[in-house]
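Novice: Below you will find the structure I want to go over with you.
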Amino acid sequence: MSKLKVIQVGTGGFGTSWLEIIDNFEAIELVGVVDVNHKNLLNAKEFIKNNKVEYFMDHLEAFSKIKADIAVIITPPQTHKRLALDALENNLNVFMEKPIAHTLEDALELLEKSKQYRKFVMISQNYRWRPEIEAVKQAVQKEKIGKIEYVEWNFRRATKFGGWRDQYEEILIEDMSIHHFDLMRHILGVEPSTVFAKSMKPSWSWFNGKSTATVIMNFENVLINYFGSWVTRGKETPWNGEFKLVGEKGVIELNDDCPSITFADGMFKELLPVPMEFEDREYSLYEMTEAIKENRKPITDIADNINSFAIVGAALESIKQEKEIEITSVLKGRG
C-alpha cells in the first residue's frame, strides 16, 4: 500500500514535535502544514526534511487544494470540533491530540455529527502505548493478583506552560487528567460509573485556575482514589503518575515507571516492560495507519474515547455541583 498522505494543522509549541514524528514515520507522507500564525509556519520548516510540503494559513484552503488521507490536528481544544468537522467534510480521516474538544458538549456534538461520514475521528491517547503500561495491563488481564478491587493513583508535577493553558478554570482536570482516566479504562478493561471530585488553587499556584484536585471514582466494582497536582512541592512523579492496583492476592504498582507485583505473602516480582515495535505517539500513528489499511475504526476512535472524556466532564460537573455524578447522566448531556 502506498504511503498515506497527511496534512498537519497546528505547528505551535507541541506541534513541532509532532512534525518531526510524522515526517519520519515510514507509512505516511507529510504533504501539507497549516497554522494561522505565520511565524509558526516559518518555524515549522526547520523540523521538516521533505521540501515538497505545502504551507497554508487557512485549513479550508489546504483541505481543498491538497489530496490527502488524514488531517492531523494539533491545536488548542477549543478549535477541535470545527477543524474535525471541516476535515470530515473534505473526506479526510481525523487524528487529534487529546482531548476530543474543550467541553463535553462539543465532544458529544462532534461524535454525533461524525456518524454522518465514512471517515473516522481518532484521539491520540499515547500514554496507553508504553512498555511499562503494557506490562501492567497484561498482569491485570492474567489476574496475577485476582480481581482488582481498589486503586490508588497519584500525579504530581510542577510545570509552567504559559499561553492558553493558563486560562483554564480547572487546568489539571481539563488538560492533564484525561491521560490518567483513559489509562484506567485501558488497564482495568471496565467502564466508569460514578465520579466525585473536589479541586483547589494552592496559594503559590502560577495558574489562573485550580491546579490541584482529588477524584473518587467507581469503575463497575473498582473504587479509585485519584490525586493530582500541577504545582507540587518536592519529588515529582513521572507523567504516567504512580499507582497501586490492589486485589486479594497482592498489589501491582508503578513507581518511577517501574512496574512490579508484591504478593500477599510478601513475595516481590518485578514486571519487565513489554517490547513494542512502536511506542507512545509513534504507536498512535501506527494504530491510525493500520485502521485505515484494515478498513476498521481505531482503538481510540471518538466513539470509544468519549467514555474517557466523560470522566473529565463528570469531574467538572461534580466540582460545580458539589455532589457525586453518574457518568450516564453526562453522556446524555444532563449533568
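Novice: So what's the net charge close to I171: Lys and Arg +1, Asp and Glu -1, counting the other residues with Cβ under 10 Å from its Cβ?
Specialist: -2
Novice: Straight-line reach from K119: which lysines have a Cα under 28 Å away, not including same-chain ones fewer than 8 places off?
Specialist: Partners within reach: K3, K5, K52, K65, K67, K81, K98, K293, K297, K332.
Novice: While we're on this one: Ignoring any ligand, DNA or RNA, what whole percent of the accessible area of the chain comes from carbon and sulfur when the probe is 1.4 angstrom?
Specialist: 48
Novice: Largest first, what is the accessible-area ranking of D256, D69 with a 1.4 Å probe?
Specialist: Solvent-accessible surface, decreasing: D256, D69.
Novice: Roll a 1.4 Å probe over the protein heavy atoms and report the accessible area of K45 in Å², nearest 10.
Specialist: 100
Novice: Could you tell me how many degrees, from 0 to 90 and to the nearest 10, lie between the Cα long axis of helix 14-24 and the main elongation axis, the longest principal axis, of the Cα atoms of the chain?
Specialist: Roughly 70 degrees between the two axes.
Novice: Right, here's the next one. Return the ratio Rg/(2.2 N^0.38 Å) for the stretch 148-306, where Rg is computed over Cα atoms only.
Specialist: 1.16
Novice: In debye, nearest 20: dipole of the chain around its Cα centre with unit charges on the Cβ of K, R (+) and D, E (-)?
Specialist: Magnitude of the dipole: close to 340 debye.
Novice: Springs between alpha-carbon pairs under 10 angstrom, Gaussian network model over the chain: which of L285, L316, L271 fluctuates most?
Specialist: L271
Novice: Taking the alpha-carbon set of the stretch 151-214, what are its Rg and Dmax in Å?
Specialist: 13.0, 38
Novice: Taking the Cβ-Cβ separation of W206 and K235 as r and a Förster radius of 22 Å, what is the calculated FRET efficiency to the nearest 0.05?
Specialist: Given R0 = 22 Å and the Cβ-Cβ separation, E is 0.70.
Novice: Report the accessible area of K113, computed with a 1.4 Å probe over the heavy atoms of all protein chains in place, in Å² rounded to the nearest 10.
Specialist: The accessible area comes out at roughly 80 Å².
Novice: Let me ask something else. Nearest 5 percent is fine: what portion of the DSSP beta bridges confined to the chain is antiparallel?
Specialist: In the chain, DSSP labels about 55 percent of beta bridges as antiparallel.
Novice: Something else about it: Between 0 and 90 degrees, rounded to the nearest ten: what's the tilt of helix 104-114 against the longest Cα principal axis of the chain?
Specialist: The angle comes out at about 50 degrees.
Novice: How much length is gained on full extension from E191 to K293, taking 0.36 nm per residue of separation minus their Cα-Cα distance?
Specialist: 33.9 nm
Novice: In whole Å, what are the extents of the stretch 93-151 along the principal axes defined by its C-alpha atoms, from largest to smallest?
Specialist: Dimensions of the stretch 93-151 along the principal axes of its Cα atoms: 43, 23, 21 Å.
Novice: In debye to the nearest 20, how big a dipole does the stretch 193-246 give about its Cα centre with +1 on each Lys and Arg Cβ and -1 on each Asp and Glu Cβ?
Specialist: Approximately 240 debye in magnitude.
Novice: Under 26 Å between alpha carbons, and skipping anything fewer than 8 positions from K269 in its own chain: which lysines qualify?
Specialist: K137, K142, K144, K147, K235, K244, K249
Novice: To the nearest 0.05, how large is the calculated FRET efficiency for M276 and E105 if R₀ is 35 Å and r is the Cβ-Cβ distance?
Specialist: The pair M276/E105 has a calculated efficiency of 0.50.
Novice: Let me ask something else about it. Which order do V140, V33 take when ranked by solvent-accessible area (1.4 Å probe, heavy atoms of all protein chains), largest first?
Specialist: Ranking V140, V33 by accessible area, largest first, yields V140, V33.
Novice: A further question follows. What accessible area, in Å² to the nearest ten, does a 1.4 Å probe give for E61?
Specialist: Accessible area, nearest 10 Å²: 70 Å².
Novice: Let me ask you something else. Can you tell me the dipole magnitude for the stretch 38-104 around its Cα centre, using point charges on the Cβ only (Lys, Arg +1; Asp, Glu -1), in Debye to the nearest 20?
Specialist: Taking the Cα centre of the stretch 38-104 as origin, the dipole is about 160 debye.
Novice: Moving on. Using only Cα positions of the stretch 123-165, each an equal point scatterer, no hydration layer, compute I(q)/I(0) via Debye at q = 0.14, 0.24, 0.29, 0.34 Å⁻¹ and quote the log10 values to two decimals.
Specialist: -0.57, -1.02, -1.09, -1.09
Novice: Helix 80-89 versus the longest principal axis of the chain: what angle, 0 to 90°, nearest 10, using Cα atoms?
Specialist: That helix lies at roughly 50 degrees to the long axis.
Novice: Taking the alpha-carbon set of the stretch 38-138, what are its Rg and Dmax in Å?
Specialist: 15.7, 46
Novice: Also: Report, please, the projected area of the chain averaged over directions, based on the convex hull of its C-alpha atoms, in nm².
Specialist: 17.4
The values are calculated or read from the model by the stated rules, or taken from the named source; none is laboratory data. Note that the structure is a prediction, hence the values are computed from the model and not measured. Positions of Cβ are generated from backbone atoms using ideal geometry, with glycine treated the same way; all protein chains shown enter the neighbour counts. Areas reflect the complete protein model, heavy atoms only, side chains present, ligands, DNA and RNA absent. Shrake-Rupley method; radii C 1.70, N 1.55, O 1.52, S 1.80 Å.
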